[in-house]
Amino acid sequence: MEEMKRMVAKEALKYIDDDMIIGLGTGSTTAYFIQMLGKKLMTGELEDVYGIPTSHQSRLLALESGVPVVSLDEVDAIDLAIDGADEVDPHLNLIKGRGAALTMEKIIEYRAGTFIVLVDESKLVEYLGQKMPVPIEVIPAAWRAIKEELEVFNATAELRMGVKKDGPVITDNGNFILDAKFEKIEDPLDMEIELNNIPGVVENGIFADIADIVLVGTKDGVKRMER
Ligand SMILES: O=C[C@H](O)[C@H](O)[C@H](O)COP(=O)(O)O
């Protein structure tokens, strides 16, 4: 599994040129990419590449790896964004947010000229919701009401609890995460919009129609899916 992640991260480097602004995703797969990008910048193989982090995790890792970072309000455009995903359907719709970074990820990736997703083949599903719940970032005061309102969509939601921290997970934006298990998400774009219409929902982990390219690590090498 780790080898597949490394393989797709290496492949993603081929899309990077000098003078690019790159959205830096969150998670274990993107972490390999950030470290490899740092090496290319250190050796001078790449020059003047700046990263826009999507979380504290990717910001700290970028700084540690030698990738200079800028924020969204300092740039006119984002050339490319690279990130992992928890599920990918055949139309390149995604579920993201296992690492609770979905809101900033969507803010950056929605605005990137090209959004490239890095996964291993275990993330490919026939339909969204097949294996994973949809993470939903919510304003803390509204979590219980939203949990109940999600029943309209036949979803069962759990408040995500911290590991090495008592009580709920607090996102980089100071909010809670509800993990909502759906039976089957028939129309990802429609569900993404519906969920964001619930007052108190900050953002949800369905990324419909955003990914341009998915690089899949398989036992037989990297496969490329394109929309
Ligand atoms: O909030 C976290 C993100 O959406 C991650 O990009 C996603 O969970 C994939 O992470 P990993 O590459 O560790 O499987």
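Bear in mind that the values in this text are calculations on the coordinates, not laboratory data. It should be emphasised that the depicted structure is a prediction, and the values quoted were computed from it without experimental measurement. In this analysis, Cβ positions are derived from the backbone assuming ideal geometry, glycine residues included, and neighbour counts consider all displayed protein chains.
Part of a strand (DSSP E or B) and farther than 30 Å from Met4 by Cα, is that true of Ala145? Criteria not met by Ala145. Restricting the range 108-123 to residues that are over 9 Å from the mean Cα position of the chain (by Cα) and surrounded by 18 or more Cβ atoms within 10 Å (Cβ to Cβ), which is farthest from the ligand (Cβ to nearest atom)? Residue satisfying both the conditions and the ranking: Ala112. Suppose we keep only residues that are surrounded by fewer than 18 Cβ atoms within 10 Å (Cβ to Cβ) and of a type outside the set (D, E, K, R) within the range 188-199. Which one would you say is nearest to Ala12 (Cα to Cα)? Only one residue fits best here, namely Leu189. Residues in the range 84-107 that are part of a helix (DSSP H, G or I) and more than 10 Å from the ligand (Cβ to nearest atom): Ile107 only. Among the residues of this structure, Ala81 counts as one that is within 14 Å of the chain's Cα centre (by Cα) and either surrounded by 13 or more Cβ atoms within 10 Å (Cβ to Cβ) or hydroxyl-bearing (Ser, Thr, Tyr) (or both).
Among all residues of the range 151-162, there is at least one that is of a type in the set (Asp, Glu) and part of a strand (DSSP E or B). When every residue of the range 63-77 is checked against the conditions, none turns out to be within 15 Å of the ligand (Cβ to nearest atom) and surrounded by 23 or more Cβ atoms within 10 Å (Cβ to Cβ).
Looking only at residues in the range 17-52 that are of a type in the set (Gly, Ala, Ser) and part of a strand (DSSP E or B), which one is surrounded by the most Cβ atoms within 10 Å (Cβ to Cβ)?
Taking the range 17-52 first, the residues of a type in the set (Gly, Ala, Ser) are 23, 25, 27-28, 31, 38, 44, 51.
When the remaining residues are screened for being part of a strand (DSSP E or B), the result is 23, 51.
Numbers: Gly23: 29, Gly51: 26.
Out of the qualifying residues, it is Gly23.
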